[in-house]
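> Quick one: the structure is below, and I'll ask about it shortly.
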Amino acid sequence: MKTNKEIVLSFLNALNEENFDTARMLLNPSFSFKGPLGERAGADVYINDMKKMKFKYDIDKVFENKNEVCLIYDINMGKGKPIKTCGIYQLEDDKLSSLYVLFDPRPVLDE
């Protein structure tokens, strides 16, 4: 059985490899996303967006506390320099149930 940290890292690895089927299998159907530039409700909606954006994640730090995993990472959004981001992942029943991200959106908005 994988730890919550391992599940989150597997998810990000799948996104980095553009293996969206594997990434989707790690999400609860009701997965929700919230960040500075918007919100998404539902695992399929989120994965469809990830297929279009093809972000790449370079992880700096990982913190795990019960059903929550917090990561500090650089996200390459394909728009110049990577964006330093904090992602807070909630898990239920060995699947990701929500993601809340924090970052300075100015570099993305300036383009």
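Each reported figure results from applying straightforward, stated rules to the coordinates on display, with no laboratory input. In this text the structure is predicted, and so the values were computed from the model without any measurement. Cβ sites come from the backbone with ideal geometry, for glycine too, and all protein chains shown count toward neighbours.
> Enumerate by residue number the GluC sites (Glu not before Pro) in the range 1-77 meeting two conditions: DSSP loop (anything except H, G, I, E, B), and at most 15 other Cβ atoms within 10 Å of the site's Cβ.
Glu17, Glu18
> Turning to a different aspect of this structure: Using only Cα atoms and rounding to the nearest 10 degrees, what angle (0 to 90) does helix 4-16 make with the longest principal axis of the chain?
50 degrees
> Which order do Phe20, Phe11, Phe103 fall in if you start with the one that has the fewest other Cβ atoms within 10 Å?
Phe20, Phe103, Phe11
> Say the dipole of the chain comes from +1 at the beta carbon of Lys and Arg and -1 at that of Asp and Glu; which of Leu15, Pro107, Val62 then lies farthest toward its positive end?
After comparing all options, I get Pro107.
> Mind sorting Phe31, Phe55 by how few other Cβ atoms lie within 10 Å of their own Cβ, fewest first?
The fewest-first ordering by Cβ neighbours comes to Phe55, Phe31.
> Pick out, in residue order, every one of the trypsin sites (Lys or Arg not before Pro) in the range 32-111 that is DSSP loop and has at most 16 other C-beta atoms within 10 Å; say none if there are none.
Lys54, Lys66, Lys79
> For the chain, with only Lys/Arg (+1) and Asp/Glu (-1) charged at the beta-carbon, what is the dipole magnitude about the Cα centre, in debye rounded to 20?
Around 180 debye, computed over the chain.
> Send over the per residue convex hull volume for the chain, Cα only, as a whole number of Å³.
91 Å³
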